[in-house]
Structure formats: C-alpha cells, structure tokens
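Below is one structure, written out as structure tokens; the observations come after it.
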Amino acid sequence: MNTTIALSLPAEQIELLEALKYQNDRILSMQNRSAYLTEPEACERLKVSLTTIRKWRKDGWLRFFAEGDNIRYRVDYLDADFEKRAMVMAPMHGANRINNSKSA
C-alpha cells in the first residue's frame, strides 16, 4: 500500500530542493563515470559469476579497459551495457513463452 502525503512549501524552499537534487545528480554522475571496477567487483555489482562476465566481455557485450591482464569496467558503461543486454534478451524470453503456450 502506497501512501502519498502532500506538503505545501514556499517557492524558495522548492527551488532550493530542486537545486540540491540537480547538484546531487551531477555529483553522482561524475562519480560513476570516474569509478572503475575490477572483474570481481563488476560481478558483484551485476550479480553474475566471473565466468559469465568474462563470456559477455569476450562476446562483445561489455565495454572494458585492459592493460595487460588488468581488466577494469567503468561503472556507467557497465550499467548501460547490462541494461542493453537485458532489454535485448527480455523480448526473446517472452516470445518463447507465448509460442510455447500456443502450441500446447
């Protein structure tokens, strides 16, 4: 159950809250762009195994940076690539369910 509470604030306070939100969004965006994860950290973030993340990297699904054996994933790229992969995969799973139910 969701509860909504309506507040009445002066315009100056609303403007201040909007400015704070904008500033926080900018700071978080800058932090995410500059944050790089190791393979184990990327696995933890995406909740997948090391084998899976390496396969996705090898198959070209994930952008990464490498210097020798040192592999790093930029957080914003990792999130975007993961979302893109999930969006591509999702319709296929739904289509299989529909086809299977029609043939039954």
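Of the residues GLU83, GLU67, GLU12, GLU39, the single one that is out of contact with any helix residue (DSSP H, G or I) (no Cβ under 9 Å at 6 or more places or on another chain), surrounded by 10 or more Cβ atoms within 10 Å (Cβ to Cβ) and modelled with pLDDT of 80 or more is GLU83. Right, ARG74: open to solvent by less than 90 Å² (accessible area, probe 1.4 Å), on the phi < 0 side of the Ramachandran plot, modelled with pLDDT of 90 or more and not small (Gly, Ala, Ser) or not? Considered against the rule, which asks whether it is open to solvent by less than 90 Å² (accessible area, probe 1.4 Å), on the phi < 0 side of the Ramachandran plot, modelled with pLDDT of 90 or more and not small (Gly, Ala, Ser), ARG74 comes out as yes. Summed over the stretch 55-64, residues that are exposed (fewer than 15 other Cβ atoms within 10 Å of the Cβ), farther than 9 Å from LEU78 by Cβ and among the charged types (D, E, K, R) total 3.
The values are calculated or read from the model by the stated rules, or taken from the named source; none is laboratory data. These numbers were taken from a predicted model, which means no experiment stands behind them. When we count neighbours, we look across all protein chains shown, and the Cβ atoms used for this are built from the backbone with ideal geometry, even at glycine. To get the accessible areas, we keep the full protein, side chains included, count just its heavy atoms, and leave off ligands, DNA and RNA. Shrake-Rupley method; radii C 1.70, N 1.55, O 1.52, S 1.80 Å.
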